[in-house]
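Have a look at the structure below before the remarks.
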Amino acid sequence: QVQLVESGGGLVQPGGSLRLSCAGSGTMFSRYAMGWYRQAPGKQRDVVAVISSGGSTSYAHSVKGRFTISRDNAKNTVYLQMNSLKPEDTAVYYCNAKLFTHELWGQGTLVTVSS
């Protein structure tokens, strides 16, 4: 069973960049589809980006062209590179892993975009 730990959140000015990391434990990490979700205060949790076990990616319209999801199966890690950050990107970002009906979440990492 995979367990997930996110890192890399913090405070950044508008236009800046951050890279989030999600480290997974367990021997089956490469089989999981991985995703990043975010939840702003008072709002529902929404998908930001996903990457399949084979490396195919998809993005929410609001982040397309600014965010990049990638994975390094040798390191059991998935990344979210976030560029050109906007105040509306402020949220708690969660890592997600899915394999068939099995789904796991990390504890979340806070990203604050503010001047």
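The values are calculated or read from the model by the stated rules, or taken from the named source; none is laboratory data. Only a predicted model underlies this, so the values are computations on that prediction, with no experimental measurement involved. Glycine gets a Cβ as well: all are built from the backbone with ideal geometry, and neighbour counts include every protein chain shown. Accessible surface areas use protein heavy atoms only, side chains included; no ligands, DNA or RNA. Shrake-Rupley method; radii C 1.70, N 1.55, O 1.52, S 1.80 Å.
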Given the conditions (1) open to solvent by 60 Å² or more (accessible area, probe 1.4 Å); (2) touching a helix residue (DSSP H, G or I) at 6+ places or on another chain (Cβ under 8 Å); (3) not in a loop (DSSP other than H, G, I, E, B), every one holds for Ser53 apart from (3)
Q.
When you check Thr112 against the structure, is it among the hydroxyl-bearing types (Ser, Thr, Tyr) and either open to solvent by 60 Å² or more (accessible area, probe 1.4 Å) or over 14 Å from the mean Cα position of the chain (by Cα) (or both), yes or no?
A. yes
The lone condition Ile69 fails out of (1) in a loop (DSSP other than H, G, I, E, B); (2) of a type in the set (Val, Ile, Thr); (3) at pLDDT 95 or above is (1)
Residue hits (the stretch 63-88; without any contact (Cβ under 8 Å) to a residue 24 or more places away in the chain, open to solvent by 40 Å² or more (accessible area, probe 1.4 Å) and under 14 Å from the mean Cα position of the chain (by Cα)) are Lys64, Thr68, Ser70, Asp72
Worksheet item: Hey, any hits in the stretch 99-114 for a residue that's in contact with a Ser or Thr (Cβ under 8 Å, 6 or more places away or on another chain), within 20 Å of Gly26 (Cβ to Cβ), part of a strand (DSSP E or B) and aromatic (Phe, Trp, Tyr)?
Response: no
Condition set closer than 10 Å to Cys22 by Cβ and not hydroxyl-bearing (Ser, Thr, Tyr), scope the stretch 89-104, selection surrounded by the most Cβ atoms within 10 Å (Cβ to Cβ): answer is Cys95
